Amino acid sequence: MEKIYFLDTYAMFEIILGNKKYAPYDSQNVLTTKLNLMELFYGLLRKFGEKIAIFFYEQFSEYTINYDDESIQEACKLKLTNNKLSYVDCIGYVLAQKNKAKFLTGDKAFKNMDNVEYVK
């Protein structure tokens, strides 16, 4: 069975910037959310301009999944117990678990958490 990875915004940036440690995940089965794409778009817009931001937004948009009320509530519970995590990361982490995917990140706040593929 092929592994599925939930790409947080950190992971998408690393893939785009060509970090060799993230190369194995570029062609895997991946998931993300529109919220992560929002963070990605903003960061790319700021650093590289609109053309690049639109290009990568469109590249990753085919991998987006939706979330439901239960996922939002679970994400808020996670945020309450770990204030260092962003709301976007909390919803992504919850969705990774619900979709039997590993949460792929280099964010040190996730380093020792269950169901995380931490790549720095």
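Derivation of every value follows stated rules applied to the coordinates shown; laboratory data play no part. Source: prediction; values computed, not measured. Here the Cβ is made from the backbone with ideal geometry for all residues, glycine too, and neighbour counts use every protein chain on show.
For this structure, a couple of remarks:
- Cross-link table Lys47/Lys98; Lys77/Lys111; Lys47/Lys100; Lys21/Lys47, entries beyond 28 Å C-alpha to C-alpha: Lys47/Lys98; Lys47/Lys100
- Helix content alone sets the calculated 222 nm mean residue ellipticity of the chain: runs of n ≥ 4 DSSP H residues at -39500 (n - 2.57) each, divided across all residues, give -15500 deg cm²/dmol.
- Distance between the pseudo-spin-label points of Gln97 and Asn115 (7 Å out from Cα toward the beta carbon): 0.5 nm.
- Counting only lysines at least 8 places from Lys20 when in the same chain, those with an alpha carbon closer than 18 Å to its own are Lys120.
- The alpha carbon radius of gyration of region 7-101, expressed as a multiple of 2.2 N^0.38 Å, is 1.10.
- By the beta-carbon count within 10 Å of each Cβ, the least crowded to most crowded order of Tyr22, Tyr118, fewest first, is Tyr118, Tyr22.
- Amide H contacts of Leu31 (H built 1.01 Å from N, under 5 Å, at least 5 apart or other chain): Tyr5, Phe6, Leu7
- Note on the chain: GNM, Cα springs under 10 Å; of Ser27, Ser86, Ser71, the largest mean-square fluctuation is that of Ser27.
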